[in-house]
Structures are given as C-alpha cells and as structure tokens.
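Visitor: One structure, pasted below without further comment.
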Amino acid sequence: MPIDSKDVTWVEEPEMGFWESSFLPAIVDGLKTTLKHVIKYEPTTQQYPEEKPELPQNYRGVHRLNRDEKGRVKCVACFLCATACPARCIYITAAPAPKTEEWVDRDKYPAKFDIDELRCIGCGMCEEACPVDAIEMTSLYDLTGMSRAEMLFDREKLLSVYDKTINSGKDPARTTRGRLGPASTMVTPEVIAGSSDEKRVPVQAVPEPGSGGH
Amino acid sequence: MHPLLITLLTIGGVLGGTLGACSYLIYIERKLAAFIQDRVGPNRVGPFGLLQPIADGLKFLLKEDVIPAHVDKFLFILSPAISVFTTLLAFSVVPFGAASKDGIFPWIIAPQVDLGIVFIFAVSSLAVYGVILGGWASNNKYSALGSLRASAQVISYEIPLGMSVLGIALLGGTLNLEEVIKVQATGLAGWNFWYQPLACLIFFIAALAESNRLPFDLSECEQELIGGYHTEYGALKFALFFLAEYTHVITISFLTVILYFGGWHFPWFATAASNYAGAEFVKFGVLLFKVLSVIILIMFIRWTIPRFRFDQLMGLAWKVLIPLATANVVLTMVVREFDLNRWWLTVGSFVLFLTAGFLAIDPLGRSRATKRRRPAAAVPVAGGHHAH
C-alpha cells in the first residue's frame, strides 16, 4: 500500500541565521553550560560502599521466611509460591505438623524450604502468591557467596534473614505481623489492621520440631 | 658545562616533564569531565584520587601484552612507537621558556632551528602513519575504517593548519619559533592574536582536528568504531597511543600560545627587557600558565561539543577553513606589500569572517526557502510505476 502523498508531511530543517551558521554563539553557549556545572559543583552520584542507597519499601531483594506470633515458621507449606515461581527456584518439602502442644493449631509445616537465590529472578511473585504472608522480600541487595551451595538458602537461613531484618527499621513486615495471613483464619480486614499495631519485639525461635525425630 | 651534557639534560627533563604532565593532564581531564557531568571523578587512589595516574600507569605496564594472532606483528608493534616518537620529536624545536644561548639553561632542545614551524608540521603529520599502520596491521574492519578516516582527516586539516601559520611567517619574517616569540614580545599589542584573530581560530580548529580530539575524534570514536584504530591494542601499546594523543595536545597548545599569544611574554613582569633574578623561571611559568589555559579550553570543548559527522568534517576543512585561510594569507600579503597599518589585518579578519558567515546563509543570492522547499506532489510513490 503506497503512502498517499497528501498523508506525507514534509518537515523543513529550520533556517540558520548568520550567527547560527557561524556556530560561535552556540559554542559559547555550550561552554557556558559546562562551565556552570564546574562552578556550581553538585555531584549527584552516590559514593556506594560508604553511602548506602535509600531503597523503597517494596524493593525486591533477598527473601525471608516470616515467623508467626509464637516464633514458628509462618509458612503452611501450601506450595503456592513454588507454583507461582517462574524461575522454579523454591523447593518445599511439606510434612504434617508435629503433635505437640505448640503446633496444635497447625496442620502442615515445611520440613524443608529451600530457595536457590542464584536462580531467583526477583520478580516477587512468591510474595504475591503467599496466602499467609509467610514469604517476603527484604531490601538486602548485596548478596554474595563463594559457592553455589552457599547461595541455596534453606529454611533456617531464610528465618535468620527475618530475625536480622525485622527490626532493622528498613524492612517492616509488610502485612500482618505475627499472625498468619487472612487465608489461615477468616478474620475481617479490621482485625488485621488492628494487629499491625503490635509491639515490635523479635519473637523467639521455637525448638526445631523435626529435631526431636518423628 | 659541556653543551652536549646540557642538551641531554634538557631532553631528559622534557621527556620526563611531558610524560608526567600527560598522566596528570589525564587526571585533570577526568576530574573536569566528572565535574561537568555532575560526578565525582577518580577519588579512590590517594587523596582526591591524586595517585590515580600512577596506578593507571602501573596497570598499563603490568598488564599482559596481548598480540592477537591475526595481526601483522611487525607493523602492529611499530605503529604505537611511530606515534609516540613523532609527537615527541615535534617537541624538540618548541621553546618552553625564554630560550637564549647566554642563560644557564637553553629552555629548548634544539635551539635556533630556522625551519621551526615547518619541521613541526612535517614531523607531526608523520604521526598519522602510526594511526594508519596501527589500523591496517590490526586486520580488523573497524580499525581499518578508523585509520582511513584518520588519514583523510589529517591530510585535509594539514592545509588550513599550514595556511593559517603563513600569515605569522609573513608578519614576523621568520619560521623560527624563538624569533616568533621575540617579534611579539614588544608589548600586549604585539601579540599576533590581534593581527591574525581569524588565523588563530583556524589554527586552533585545525590543530584540534590534527590531534584527533573531540569534536574531531572520528578515527577513534567508541560508539561507531569501538575505538577505531586502537581496538586491538592493549596494555603498554595502547598507553603509547594515548600518550601520543596527549603529547600532541600539549604540543598544539604550546604552538597556539607561542604563535598567537606571545609565548613567555607578558607585560610588566615577563618582557624582553626583564632581567631580574629568576626572570627566566617567571617566563617559564607564564608560558606554562598560558599553555595550561589552552589545554583546559580544549578539555572544555571536548565535553561541550558533540562529534562532527564525517561529511561535516570534510566540509568544514575544504569549504570553510581552506578558503578562509587562503584569503587571510592574501590579506596579510597585501598589508605587508603596501606597508599598511597592521590593525587593518584585524579589520580584514573580521570582514572575512562576516563575509564567510553571510555566504553560508545565502550562497547564491537565492532565498533559502524557495531553494529548499519541496512540493508535496513531487513525492515519489511506490505504486507510481503502473502508470508508465
């Protein structure tokens, strides 16, 4: 289909006057601009290792596994995050909750919960998928390791990321702190809103349920 | 002292001084670039990054010296050497102070070379062989393109460069750089800049192009040619190319100052008559100050003006600079022949500049609007062939 000539708009290059075609005023103008930056010197760069960047609260860095109000792992091993993960980097082994006093209100828990941080693409879909707000991404960005095995974060390491970040001021629990998320108990949004006023004390880790052997 | 010993000492001093100056000029350039772009610049090595040039130099020295398998080995190694050799050689006739036979120090490596300016042009245009051979020996299309551009550019700009200096040779009756300064050292009004402002502009532009600096760095532009002729070079051989470029910048800054801005001369305290203790060093300082100002200007221009397109580059040389430089030479000849007042040269320069500007707007007296406007009906449409 040829272009109709009436659809063509001809753009003419702007006419250059005497001073413009001599280029000198433009050069002087340019030099003034560069000189202004040298005289009014205000660097906009950050000196990284000394100055840390101010990250937004929804920054998607290293994952953490949140603890509930009793200090247990909040995850209920529903596999939604592993299903949602486009990079397939979450590996969960579910187990029935131990028959102890402590776990009486829970059916299932993750016996193993591994995230391959090298595979993770930082999309945050695990966080979106989690019905109980157990998995969250923190603002830790400078993740390094000497080996691949080191970057395979297991459950305890993910929980320790929670302990490290929860009271740092930078990474508050973004949803209902302590309690399981809305899917676990059919609570109303008002109750959830009230629960976020809880005092910020790190909850103590409970003894490993699997360590007793069952 | 034996004159040979003094000469050797001078050569050593100039070599060391130039190389040291080069590395710290690179530091200044990087800092200046950072300031212009609202960055901090090198600040890790030493206070304010002052030891950065040393770290860079060490890095260049200690890096593995890779010679790719597909290159012409002999020419590949030869070309950086040619570049540095020729640019340093050009410096041998440049006086870097008030050169005289009577003083304790000659302030020039090869005193009283009557060929002075011609020698510098002859030698420094040899530097393009380094670039051409480097690009050719690299056996790489980008490098070859870069060196082709460099050769076309340097040969074109050689002409306005030489022409612009002819006026000075006519005015002072000498090509000897020491004499050129002495001719100007009669007072502030003696500086050649006042009589050859147009030539000074042409010289400066052409010299920038000669040294392959932005906005004329078409032979080594990173974006188009991935470095151009030095794409295949690394370690010390790349450093030599870099050094050659900076030495060239220093040389053209010296030449600009010596030819147009009175060299070591400054009224009141650095005149031909001043012979107080340490006057030589004051003159040396004055010259260095002027040279540094020109170098800083060159750096500012680098971070201000974007690169030319190749046809613009050639157009500037052949359609603007060469005719203007020729007209300027004719003007100078007329003034000298009829013994007119020298200030007529200033007037004439401005008249030439204005004429060139008006010619650029309206070359043949036709209105630009009628010349350029294309009727919409004249658009060739793809389906038009069926009508035939």
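The values are calculated or read from the model by the stated rules, or taken from the named source; none is laboratory data. Just so it is clear, the model here is predicted, and its values are computed rather than measured. Positions of Cβ are backbone-derived with ideal geometry, glycine not excepted, and every protein chain shown enters the neighbour counts. For the accessible areas, the whole protein counts, side chains as well, though only heavy atoms, and no ligand, DNA or RNA atoms are used. Shrake-Rupley method; radii C 1.70, N 1.55, O 1.52, S 1.80 Å.
Visitor: For peptide A:10-17, how many partner chain Cβ atoms fall within 10 Å of a residue's Cβ, on average?
Guide: For peptide A:10-17, the averaged partner shielding equals 3.
Visitor: Right, here's the next one. What does the accessible area of A:Glu156 come to, in Å² to the nearest 10, when a probe of 1.4 Å is used?
Guide: About 90 Å², ignoring ligands and nucleic acids.
Visitor: Calculate the FRET efficiency for B:Lys73 and A:Glu101 from the Cβ-Cβ distance with a Förster distance of 56 Å, rounded to the nearest 0.05.
Guide: Rounded to the nearest 0.05, the efficiency is 0.10.
Visitor: Tell me, what HN-Hα J-couplings in whole Hz come from the Karplus equation 6.51 cos²θ - 1.76 cosθ + 1.60 at θ = phi - 60° for each residue of segment B:21-29, using x for Gly and Pro?
Guide: The phi angles translate into 4, 4, 5, 7, 5, 4, 4, 4, 4 Hz.
Visitor: Something else about it: Please work out how much length the chain gains when fully extended from A:Trp19 to A:Thr45, using 0.36 nm per residue of separation minus the C-alpha to C-alpha distance, in nm with one decimal.
Guide: Answer, rounded to one decimal: 5.7 nm.
Visitor: Quick check: Cα centre of segment A:13-78 to Cα centre of segment B:52-85, how many Å?
Guide: 36
Visitor: How would you order A:34-43, B:27-36, B:200-209 from highest to lowest mean count of nearby Cβ atoms within 10 Å?
Guide: The packing order, highest mean first, is B:200-209, B:27-36, A:34-43.
Visitor: Given the pairs A:Lys40/B:Lys59; A:Lys74/A:Lys170; B:Lys141/B:Lys319, which are separated by over 28 angstrom at their Cα positions?
Guide: A:Lys40/B:Lys59; B:Lys141/B:Lys319
Visitor: Show me A:110-122, B:316-328 ranked by packing, highest mean number of other Cβ atoms within 10 Å first.
Guide: Highest-to-lowest ranking by the protection proxy: B:316-328, A:110-122.
Visitor: Something else: A 18 angstrom limit on the alpha carbon distance is what I want to check against. Which of A:Lys36/B:Lys31; A:Lys99/A:Lys164; B:Lys182/B:Lys283; B:Lys182/B:Lys290; A:Lys108/A:Lys164; A:Lys70/A:Lys108 exceed it?
Guide: Result: A:Lys99/A:Lys164; A:Lys108/A:Lys164 exceed 18 Å.
Visitor: Among rounded, prolate and oblate, which fits segment B:68-362 when a ≥ b ≥ c are the square roots of the eigenvalues of its C-alpha gyration tensor, a/c under 1.5 means rounded, and a/b larger than b/c means prolate?
Guide: Oblate.
Visitor: Taking the Cα centre of each part, how many Å lie between segment B:165-198 and segment B:87-142?
Guide: Each part reduced to its Cα centre gives a spacing of 20 Å.
Visitor: Oh, and also: Can you put A:Tyr162, B:Tyr142 in order of accessible area, largest first, using a 1.4 Å probe?
Guide: Final ranking, largest accessible area leading: B:Tyr142, A:Tyr162.
Visitor: Another question, if that's okay. Using only the Cα atoms of the protein assembly as shown, build the gyration tensor, take square roots of its eigenvalues as a ≥ b ≥ c, and label the shape rounded, prolate or oblate: rounded if a/c is under 1.5, else prolate if a/b is larger than b/c, else oblate.
Guide: The shape class here is prolate.
Visitor: Would you work out which of B:Phe48, B:Ile11, B:Ala21 lies farthest towards the positive end of the dipole of segment B:1-62, given +1 charges on the beta-carbon of Lys and Arg and -1 on that of Asp and Glu, about the Cα centre?
Guide: B:Phe48
Visitor: So how much slack lies between B:Tyr24 and B:Ile54, counting 0.36 nm per residue of separation and subtracting their Cα-Cα distance, in nm?
Guide: Gain on stretching B:Tyr24 to B:Ile54: 9.9 nm.
Visitor: Please give the calculated 222 nm ellipticity per residue for chain B, where each DSSP H segment of at least 4 residues contributes -39500 (n - 2.57) and the sum is spread over every residue; nearest 500 deg cm²/dmol?
Guide: Rounded to the nearest 500, it is -20500 deg cm²/dmol.
Visitor: Counting only residues 5 or more places away or on other chains, whose amide H sits under 5 Å from the amide H of A:Ala95 once H atoms are built in the peptide plane?
Guide: Those lying under 5 Å, H to H, from A:Ala95 are A:Tyr109, A:Ala111.
Visitor: What distance in nm separates the two pseudo spin-label positions at B:Ala33 and A:Asn58, each 7 Å out from Cα along the beta-carbon direction?
Guide: Going from the B:Ala33 label point to the A:Asn58 one covers 3.8 nm.
Visitor: Residues in segment A:40-84, backbone N under 15 Å from the label point at A:Asn167 (7 Å along the Cα-to-beta-carbon vector): list them, ranges by number please.
Guide: Inside the label zone: A:67, A:71.
Visitor: Same structure, new question: Rounded, prolate or oblate: which fits segment A:1-44, taking a ≥ b ≥ c as square roots of the Cα gyration tensor eigenvalues, rounded meaning a/c under 1.5, else prolate when a/b beats b/c?
Guide: Oblate shape, in that a/c is at least 1.5 and b/c is the bigger or equal ratio.
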